[in-house]
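Here's the structure, in structure tokens; my notes come after.
No value in this document is a laboratory result; all are computed from the given coordinates. What you see is a predicted model; the values in this text were computed from it and never measured. Here the Cβ positions follow ideal geometry from the backbone for every residue, glycine too, while neighbour counts run over all protein chains shown.
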Amino acid sequence: MTNIIQEQIEYYRARANEYDEWFYRIGRYDRGTEINQAWFNEVAVLKRELHQVGVVENILELACGTGIWTQELVKLGKKVTALDASLEMIEINRNKLDNTNIEYRQVDLFAWEPEAEYDLVFFSFWLSHVPPALLNSFLTKVYQSVRIGGKAFIIDSRFEQTSTAKNHILDKNGNICINRKLNDGREFNILKIFYQPEQLQEHLLQVGFQADVKVTDKYFIYATGIKAEEKKKPR
């Protein structure tokens, strides 16, 4: 599993300059006007739900990438701390947003340990890349990073073939290791896990969150976790 985690990190470093093509439906990800519009309509739902959080002091963004969601978070938080394993992603994010209210840190999230508590901890399209064996420990660290009364907000993918590139095939057999190609033809193996709402709800409840998990019509699953109080340790 260590090898695929490292390969996954290398993939996102190599993909940094073309990552936005996926989100904005460009090139290999362009599925035509009607399907593209359905995607953007569902993105608008996610943005509305995120902005329901309201204005807060401090936000932590895990796997911040190229700034697609960082640009939304700076509208909500007076300070955003943005973490990513890829310096290439961070530099694109920094140059794109050019905002002094964002603090960037290069951090391997599989080795990350919480250092502070935040009003909001946010991550998008990252949970699906966490190995199942590490999921509980990762979500526990997320819980520890949220202040009492604060929230976690999570966005990820549903299983839908038109969400990915035209030359990618989603495995219907439940294989969590999948092949991904770059524009230049290089190929990588990464982890991709598609959660059902009840699964994600249970995982969030297990670590202590009060959780509300929803889906959009086709493409996305998203969740809000509220930290009402410190999780009591078993005696």
Exercise. Given only helices, namely DSSP H runs of n ≥ 4 each adding -39500 (n - 2.57), what is the per-residue ellipticity at 222 nm of the chain, to the nearest 500 deg cm²/dmol?
Worked result: -10000 deg cm²/dmol
Exercise. Taking the Cα centre of each part, how many Å lie between segment 1-72 and segment 160-220?
Worked result: 13
Seminar exercise, completed: With Cα springs under 10 Å, the Gaussian network model of the chain assigns the largest mean-square fluctuation among 100, 81, 216 to 100
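Which FRET efficiency, nearest 0.05, do residue 148 and residue 212 yield, Cβ-Cβ r, R0 25 Å?
On the way: r = 18 Å, r/R0 = 0.71.
The computed FRET efficiency comes out at 0.90.
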Problem set entry | Cut-off 20 Å, label 7 Å out along Cα→Cβ of residue 170, residues of segment 42-77 by amide N | 42-47
Exercise. More than 21 Å apart: what percent of Cα pairs in the chain qualify?
Worked result: 56
Exercise. Most fluctuating residue of 60, 50, 205 in a GNM of the chain with Cα springs under 10 Å: which is it?
Worked result: 205
For this session: Any chance you could list P(r) for segment 154-197, counting all Cα-Cα pairs in 10 angstrom bins from zero, rounded to whole %?
Result: 25, 57, 17, 1
Problem set entry | Hydrodynamic radius by Kirkwood, which averages 1/r over all alpha carbon pairs of segment 81-196, in angstrom | 16.3
For this session: Please list the radius of gyration and Dmax for segment 1-105, considering alpha-carbon atoms only, with Å as the unit.
Result: 15.1, 40
Problem set entry | Packing-based exposure ordering (other Cβ within 10 Å, fewest first) of 64, 177 | 177, 64
Problem set entry | 55, 43, 213 arranged by Cβ crowding within 10 Å, fewest neighbours leading | 55, 43, 213
Seminar exercise, completed: To the nearest 20 debye, the chain has a Cα-centred charge dipole, built from +1 on Lys and Arg Cβ and -1 on Asp and Glu Cβ, of 340
